[in-house]
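Right, one structure below, let's go through it.
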Amino acid sequence: QYEELVGYAKEFGDTCVPRKYTKNLALGQWVNNQRSNFKKFQNGITSCGISTDKIQQLSNIGFEWRIQSSASWIDLERSEEMIKNSQDDITSCSKRKEFEFSC
């Protein structure tokens, strides 16, 4: 699914795949699962299906970890500390960045 996300990002310029993305429902669900697992990881649940390596890999392509909920934005400050070695900022759909995709 990662390669499909890279393709989506190349086409649309971001990784804000809708959960019910009609062109690829599995990709939308996978992206939603990554965000959900990341939130669990933030809360100290390390057996949630996401690792620091996967977080870094997704961050490197500009993955938007923050999603807007009806209540508030998901706070990522603690998670940014968990990924100290990252040179890339964790991004959100509200703060899109330009990325060059070479893959």
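The values are calculated or read from the model by the stated rules, or taken from the named source; none is laboratory data. Everything numeric here is computed off the predicted structure, so don't read it as measured data. We place every Cβ from the backbone using ideal geometry, glycine too, and count neighbours over all the protein chains shown. Protein only, heavy atoms only, side chains kept; ligands, DNA and RNA dropped before computing areas. Shrake-Rupley method; radii C 1.70, N 1.55, O 1.52, S 1.80 Å.
Among the residues that make up region 22-43, is at least one of them in contact with a strand residue (DSSP E or B) (Cβ under 8 Å, 6 or more places away or on another chain) and over 14 Å from TYR2 (Cβ atoms)? Among the residues of region 22-43, at least one is in contact with a strand residue (DSSP E or B) (Cβ under 8 Å, 6 or more places away or on another chain) and over 14 Å from TYR2 (Cβ atoms), which makes the answer yes.
Just name the residue that is farthest from the chain's Cα centre (by Cα) out of those in region 49-70 that are in a loop (DSSP other than H, G, I, E, B) and at pLDDT below 85. Quick ask: steps written out before the conclusion?
Residues of region 49-70 that are in a loop (DSSP other than H, G, I, E, B), as a first pass: 49-51, 61-63, 67, 69-70.
Adding the requirement that they be at pLDDT below 85 leaves 67, 69-70.
Working: ILE67: 9, SER69: 15, SER70: 19 Å.
Step by step, filter region 49-70, then rank; the result is SER70.
For region 1-48, the tally of residues that are part of a helix (DSSP H, G or I), within 11 Å of the chain's Cα centre (by Cα) and touching a residue at least 40 places away in the same chain (Cβ under 8 Å) stands at 3.
What residue, among those in region 38-67 that are closer than 19 Å to GLY28 by Cα and of a type in the set (Gly, Ala, Ser), is most open to solvent (accessible area, probe 1.4 Å)? If we take residues in region 38-67 being closer than 19 Å to GLY28 by Cα and of a type in the set (Gly, Ala, Ser), then GLY49 is most open to solvent (accessible area, probe 1.4 Å).
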